[in-house]
Amino acid sequence: MSTAGLILGGTFAGLAFAGGSASGGSQIQQIGYGVAFGVVMDTFVVRTILVPAFVVRLGHWNWWPSKRSQPDPLVSKEAA
């Protein structure tokens, strides 16, 4: 997934160089930089840090619509 994020970020960063000096070129450059930055942040911050942190914090509620057939390994037997 990280490779796909880097490729997509690089593709959008290409807009930053493709804008040129034509009418609206600076807007295309700004969009290119912004989208490329957002994709790279999603790849390295959201998917590697935030999503696993939310899964751990939510615990068994993370699997809400479905019922898990196995007990939660993070819950100790003393708490149950």
Quick check on THR3: is it surrounded by 11 or more Cβ atoms within 10 Å (Cβ to Cβ), under 22 Å from the mean Cα position of the chain (by Cα) and modelled with pLDDT of 85 or more? no
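Report whether or not LEU15 is surrounded by 12 or more Cβ atoms within 10 Å (Cβ to Cβ) and over 11 Å from the mean Cα position of the chain (by Cα).
When the stated conditions are applied, LEU15 passes them.
The values are calculated or read from the model by the stated rules, or taken from the named source; none is laboratory data. Bear in mind that the values here come from a model prediction, so they are computed numbers and not experimental data. Here Cβ is always computed from backbone atoms with ideal geometry, including for glycine, and neighbour counts include all displayed protein chains.
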